[in-house]
Structure formats: C-alpha cells, structure tokens
Amino acid sequence: MKLSAVISAAALTLALSAVSAFADGIGDINSDGDINVTDLMMISAHVKSEKPLQEECFAFADANEDGDINVTDVMMVAAHVKGLRSLDGSFVAPEPEPEPEPEPTGPVIEVIDGVTYVDGILIANKSYALPQNYGNGLTTETLNAFYDMQRGASYDGISLWICSGFRSYWDQNYLYWNYVKRDGQAAADTYSARPGHSEHQTGLAIDINNASRSFNGSREAQWIAAHCAEYGFILRYPQGKEDKTGFMYESWHVRYVGKELAGKITDSGLCLEEYLGIDSYYH
Ligand SMILES: [Zn+2]
C-alpha cells in the first residue's frame, strides 16, 4: 500500500478529530528535533510492518498515547507534517478560504458621444439623457419594422398609423414646458419626458394612432400588445411598471429593439428597465 493511499482524506479527518496529545518528542521518531516527512515515513513503515521501529522510538511514535502505534498515529503525524494540525497544538490549519461569491454581473453601461448604451441597447429615460443634437428622424429599421407591422395588422382588420415618431430635443422642450405650464411639473413628469430624456428623440420610438388614455384597451391597443414583438417592438411603458419606467402606462408607445430582443423582453414580462437592470428617475 502506498503512503499516499494511507493518508486518505477520510483517514485524515479521523486523525484531525482525534484529540492530539503532546509529550516531549512525540512525533519526532528519529529525535532530530523536528517532526517531518522522515518521521512520517518511519512511523508509516512501522504500521505497514515494512520496517518496524526500534522499541525506544515507540513512545515518540504513539502520537495519541493509546499504547498502540497504528494508522491513527500515522495520520496524526501526517497532519502535522502537512501543516494541517500540529501534534502539540501549536498550529491549526486555517479554515479553507470560502469560494468567493461570483460578482453579480450588472449591466454594461457605455456612453458613446453622449449617448448611453446598456448592454449595447440605446437608452433614453429619466436616468439617461441624449445630447441636444442627437437624432434626425425615425431610423430606417424602425420605419421598415413599423410598415411590416402595419401590413400585418391590416390582415387582421386593424389599422395602424404613426401618430408621433421622431421628436427633436427642441420639439420635446417645447412640449414638456407647455405641459408643465398646464399641469405643473410633478404631473407633467409622469407622462412627458424632459428634453433629452424622451425616447422619441432616439428615432426608435413610435406613438401609434392615438397617444391618449382613451386608446388603452382598444382593439388596436390589444393587437399591438399581442403582436408588436413579432415585428421587433416592445411596449415601452407597460401597465404596472410605472415605478420602473418612470412613466404612466402607454398602450400606444412602442420602441424598436429588433425581433430577437423584443421577443425575449416581451416573454420575460419585464419592462426594459427591469430587463436591463437599470433605473429611471431624474438624478
Ligand atoms: Zn410616445
């Protein structure tokens, strides 16, 4: 039997659980002043009957002083030599370092030319603003996706049109401050974005048919909710997510993210902020 086999983990545990007694010279089989691998080999050879110890060494080899030199003593000496547990209690193996908890992987937020991308997705909300000069119309992909959706809806007898697409920073500035004048800022902030914070400035957002509460629950609104993801859009301000998106429920406002992502987000039941792990409030 190999020494390494003798010093099995199970046996080590046994040795570690044994009460280690220490008397002068115990473990130091060859009396050279040190308990090391040579002593381990000697006691091991004895227990395996390969090379019995001389009688005067017996007291040093009986590590637990039970009157017998056996595998437990080998384990105790081995534990000492390995630095796991000393025979005289002078050192104890440190607790193994706990595996570090994997860092929760947060969203990757990049700002390129003043535009914020979260995990590669352009974001405009209350937390993340666009530069004043950003945007010049609906993107081609957004427009084409809308036309596809419009066609798809028409097969179901649903008529969709763009009520509001791209809005520049200055368009939004005008709108927002008019709302503030009319309803006060606290109210305006629930339904209108401050300039720079409107998704309409991204060129990826469209209000469909009728941007007002009366659209909620309409056949068209139901169709959009059920099918827009098939065309690459998500309902950007879903019902019940007001505290996450920062905006009231808008059944008419869709955001283009591409078919794959739209499907994932819609299936998740999360709003975009939740899906990306970001917030939306004016800092
Ligand atoms: Zn909108």
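The values are calculated or read from the model by the stated rules, or taken from the named source; none is laboratory data. Because the structure is a prediction, the values reported are computed rather than measured. Here Cβ is always computed from backbone atoms with ideal geometry, including for glycine, and neighbour counts include all displayed protein chains. Keep in mind that these areas ignore ligands, DNA and RNA; they rest on the heavy atoms of the full protein, side chains included. Shrake-Rupley method; radii C 1.70, N 1.55, O 1.52, S 1.80 Å.
When region 236-260 is filtered for residues that are outside any loop (DSSP other than H, G, I, E, B) and either open to solvent by 40 Å² or more (accessible area, probe 1.4 Å) or touching a residue at least 60 places away in the same chain (Cβ under 8 Å) (or both), the ones remaining, listed by number, are 242, 243, 244, 245, 252, 256, 259, 260. Of the residues making up region 186-198, those that are among the polar types (S, T, N, Q) and open to solvent by 20 Å² or more (accessible area, probe 1.4 Å) number 1.
Each residue in region 151-167 was checked for being open to solvent by 30 Å² or more (accessible area, probe 1.4 Å) and under 21 Å from residue 256 (Cβ atoms), and 10 pass. Kindly check whether there is at least one residue in region 204-225 that is assigned by TED's automatic domain parsing to the domain that holds residue 158, closer than 17 Å to residue 128 by Cβ and not in a loop (DSSP other than H, G, I, E, B). Scanning region 204-225, I find at least one residue that is assigned by TED's automatic domain parsing to the domain that holds residue 158, closer than 17 Å to residue 128 by Cβ and not in a loop (DSSP other than H, G, I, E, B), so the answer is yes.
Taken residue by residue, region 193-208 has at least one member that is more than 14 Å from the ligand (Cβ to nearest atom) and small (Gly, Ala, Ser). Has region 150-173 got at least one residue that is of a type in the set (S, T, N, Q), more than 26 Å from residue 225 (Cα to Cα) and either within 35 Å of the chain's Cα centre (by Cα) or in a loop (DSSP other than H, G, I, E, B) (or both)? Checking region 150-173: at least one residue is of a type in the set (S, T, N, Q), more than 26 Å from residue 225 (Cα to Cα) and either within 35 Å of the chain's Cα centre (by Cα) or in a loop (DSSP other than H, G, I, E, B) (or both).
Assessment of region 172-187 against the conditions (of a type in the set (D, E, K, R), within 13 Å of the ligand (Cβ to nearest atom) and assigned by TED's automatic domain parsing to the domain that holds residue 114) yields no matching residue. Determine whether region 181-193 contains at least one residue that is under 15 Å from residue 236 (Cβ atoms), touching a residue at least 60 places away in the same chain (Cβ under 8 Å) and not small (Gly, Ala, Ser). Looking for residues that are under 15 Å from residue 236 (Cβ atoms), touching a residue at least 60 places away in the same chain (Cβ under 8 Å) and not small (Gly, Ala, Ser), one finds none in region 181-193, hence no. State the number of residues belonging to region 199-231 that are open to solvent by less than 30 Å² (accessible area, probe 1.4 Å) and in contact with a strand residue (DSSP E or B) (Cβ under 8 Å, 6 or more places away or on another chain). Final tally of qualifying residues: 14.
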